[in-house]
Each structure stands twice: as structure tokens, then as C-alpha cells.
1. Beta carbons within 10 angstrom, averaged per residue: use that to sort the peptides 59-67, 199-207, highest first.
2. If I model a spin label as a point 7 Å beyond the Cα along the Cα-Cβ vector, how far apart are those points for residue 51 and residue 485 in nm?
3. Over the stretch 125-224, with the other protein chains present, what is the accessible area per residue in square angstrom, probe 1.4 angstrom?
4. With the Cα gyration tensor of the stretch 328-389 in hand, convert its eigenvalues to equivalent ellipsoid semi-axes via √(5λ) and list them largest first in whole Å.
5. For the stretch 157-270, what is the charge dipole size about the Cα centre, in debye to the nearest 20, if Lys and Arg each add +1 at the Cβ and Asp and Glu each add -1 at the Cβ?
6. Over the stretch 38-107, what percent of the accessible surface lies on carbon and sulfur atoms, probe 1.4 Å?
7. Tell me which of 197, 244, 268 sits at the most positive position along the dipole axis of the stretch 183-281, charges placed on C-beta atoms (Lys, Arg +1; Asp, Glu -1).
8. Which entries of 247/375; 227/375; 221/375; 221/247; 247/339 show an alpha-carbon separation above 28 angstrom in the structure shown?
Amino acid sequence: MRKTSLDKDLNKFLTLDIARRSVSSRLTAPGVAILFIVVVGLYAGLTLGISDTTLFIMIAAMLGGYMALTIGANDVANNVGPAVGARALTLVGALIIAAICETAGALLAGGDVVATISKGIIDPVAVADRNIFMWAMMAALFSSAVWVHLATWIGAPVSTTHSVVGGVMGAGVAAVGFSAVNWATMSAIVASWVISPLMGGVIAALFLAVIKINIVYQDDKIAAARKWVPLLMAVMAGAFTSYLCMKGLRKIWHPTTYEIVGISFSVLVLTYIASKPWVYYQSQGMENRNQSLRKLFHVPLIAAAALLSFAHGANDVANAVGPLAAIVHTIQFGDVSSKVHIPIWIMVLGGMGISLGLLLYGPRIIRMVGEQITKMNPMRAYCVSLSAATTVIVASALGLPVSSTHIAVGAVFGVGFFREYYTAHSKRRREYVRKKGRGGSDLWDEKLASPDELQRRKLVRRAHFTTIIAAWVITVPAAAALSASIYYLSLLIR
């Protein structure tokens, strides 16, 4: 039956309506982001009053809002990506939990004092001139946000702290010269490019090895889980307690080393005692297979994602808004200080901007970290989260510089590469696969045990691996080059 002219016309209108809705949905996120940036600028201008510097403050605040949005889109996603990839959290649930915890961490426990020249990489005496300092910080803020935005667009999780460091260094070099850079500090930051992912990856792989050897490849998985899962949960609770005491509660409390150790150990013991009956209850009636084990890790994994987000909000937001706080301080008090207090409105800007950026643009990096680098399940994601907290504790104890982004993504790499190695070399795993045979829930393991399949299939996508490593390597120099260029352009404006 041939279509009538009316049917054809209706189909055309339907196609146009679908196209219109598609375009409108793609424009919603940029529209909301631009509205947020404009509101931030207007609020800053009204809050600080009308003067000859009002326009400068408004532009700086808008750039600060832009920076906060990009941090939410990129950096925050690393905390919840593994939980989403493991199906312990839905994407919407992860976005809501991370947004609430990031904002709470920034406002309740974030530090109220921040170094004006990020990480001490530029000598404050060298940029004592008020105007030079403000324009340098403006260039650093803009370049950092642009670089993180670009990295998010290509799907590469990068360190926003490293972006800020590169932006400050580039602007400082352009304004004063290479002699103003503290190269010893820069060397430590460069070292963190290597130290962070390696430590995160190794620790995550070790935890995964413990789970595989002591639970997954045991004949009675449920009995093994009842023995080991409470201990793993206790280790996680103790590690996160230490992490929050050391990195996430600076505004509220400054505990001594002995207090941190005592409190963390107490939490570890109490968690172990409380979790044993919980694990026993949850495991009753479970089938003796891997799918059953994964359910036991859902609740701890959700808690880990929330705690990581809270600690990130408390620890990293201040660094992100540091250049804006420095500009506001210099305008208000007329001097260049090595450290400044962060006004509450700037912390609110940081917390809200990060949450909004996560909600608008976070899913891209969440999917990259949680699903596209390597296949996640709750046990692997649990190792990633536990590694993130443990690595920070170990590195802090050793005085090593680390990046939370590099740790989390390095842990994902570590889990994936360990699976590749274990699949290819573990005699115990091969024996287990032979016992299970084909046709059950372990058919995927059987396929992976084939020598031809091992040669063909890689459990870590090499394209994503090389893209992310390249982005990490060039983050500081790229942000520095962009910042220097922006500073030189600003000379034409002034």
C-alpha cells in the first residue's frame, strides 16, 4: 500500500521534531553551564562592591566557575567510575552521591587557607608587583580550565592539580622568568606522574590477588568469603579513616600521628566485629559461584565511592580555587601573600561548580574509567577504591608527592594488567577453569584460558592506555605553554 502525501508530510514533521529535540538536549548542558558562569560573575561583582576593579573580579570569578565545572567533569568522575562500571551504582545514583559528598567535603572539611602560588612553585617575592601577580593568576586560572576541558573532551582523566601547577608555572615564567620557578618542587611534582599510578596500580593488584587466591578460586567460595570479606571491609574502613584524618578533615581537626593510628585501628577492629554477622547473613542461601560473591561487595563499594568524593572535595577544591582566592585577596588588601584565607563564597562556588560540572559532563569520564579501560566487577572496583585510600596513606608516610587522579586511574590499569598476567600465567587459575569446564557461569573464563584467545585479547584497551598516559605527560607543559601565551596576550590588552 502506497503512502499518501499526508503520511509523507507527517513523517517529515516527525523527523524534524526528533532532530529539534536532539539539538535541544545537546544544548541544555552548555546553556546551564554558561548560565552558572554568568551568575557567578554577577554575584562576585555585587558581593565585593562597585569599584575600578569590579570588572576584573567578575571575570576572575567567571573563570573560577569555569574551572570548577571542568574539575567536576573530569577529576571527580574518577571516584565513582569504578563503582558504575561494576554495576554497584547506577550512573544517576553515582552522580547524586558524588555531587552531595564533594560539596559537603568542600564546605564542611575543606581547608580555609590555601597557598596563593600553587604548591610553592613560584617565589612570591619574584612577583611582588600587584598587577603582574593578578594577571598571572588570571592566565593560570584560564589555561588550567581550558586544558582540563580539552582533556575531558578527548576522554582523558587528568590531574586538575597538575593543570593548575602548569598554569601557574607558565604564567610565572612569562611574567618574571625561569629564575622564579622552584625547580626542586617542580621535580617532586614531575615525580608524582610516575609514583602515583605505579603505587596505585601495584596496591590494587595486590588486593585483587588476595581476593582471587583466597576467595574466587577456592572450592567453597561462600565459606572463604565469610572469612575474608569482613577482614577486607575492616581494612577499607581503617584505611578510609586514616585518609579522612590525614587529608579530609583539615578545617575541623588536626590529629597527631598517634591519634590517627589509634582511631584507625579502633575503626578497623569495630568494623571487623560488626561485618562478620552481616556477611554471614547476606551470604545465606547464596550459590557457590562468582556472581554471588560480587553481591557482597556492593555496599562497601558504594561507601568507598562516597568517602572518596568527600575526601576529594575537602582536599582538592581549595587548590582549584586557589588562584581566584589569591586574586581576590590581592585586590582587597593590595599585597601579594604566600597564603590567603578562602572566602566562604569562593568555597561555595567551588563546591557547587564541581557538582554541576559532574552532573552535566561527568558521565563521559565515568564511563571511560569505569567501563572502557578494562572490564570492572564489584571485586575489582573495590580493589581500586581501597588502593586509592591506601596509596595516599603510604605516600604521605613516606613523604612522596601523589595525585589522586593518577592513583585512581593507575589502580584501574593495575587491576587490568594483573588480570592479563594472571590469566596467562596462573596454573591455579587454569586448573580451576579445567575443573569448571564449559557451559556454566564461568564460560567467559574458559574462553580466556585458550592460548589463542590469550594472544588475541588484551584486558586493558591499549588505545585508552596510551591516550591517558600521553595526556598525563603533557598536562603540566601544555597548561604552562597555554598560560604563558594567555599572559603575553594580556600585555596587549593592558
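The values are calculated or read from the model by the stated rules, or taken from the named source; none is laboratory data. Bear in mind the structure is a predicted one, so any value in this text is a computation, not a measurement. Reconstructed Cβ throughout: ideal geometry from the backbone, glycine too, with neighbour counts over all protein chains shown. Side chains included, ligands, DNA and RNA excluded: accessible areas come from the protein's heavy atoms. Shrake-Rupley method; radii C 1.70, N 1.55, O 1.52, S 1.80 Å.
1. Top to bottom by mean Cβ count within 10 Å: 59-67, 199-207.
2. Going from the residue 51 label point to the residue 485 one covers 3.4 nm.
3. Result: 35 Å² of accessible area for each residue.
4. Ellipsoid half-lengths, sorted descending, are 38, 15, 10 Å.
5. In total the dipole reaches around 160 debye.
6. 78
7. Of the candidates, 244 comes out farthest on the positive side.
8. Pairs exceeding 28 Å: 247/375; 221/247.
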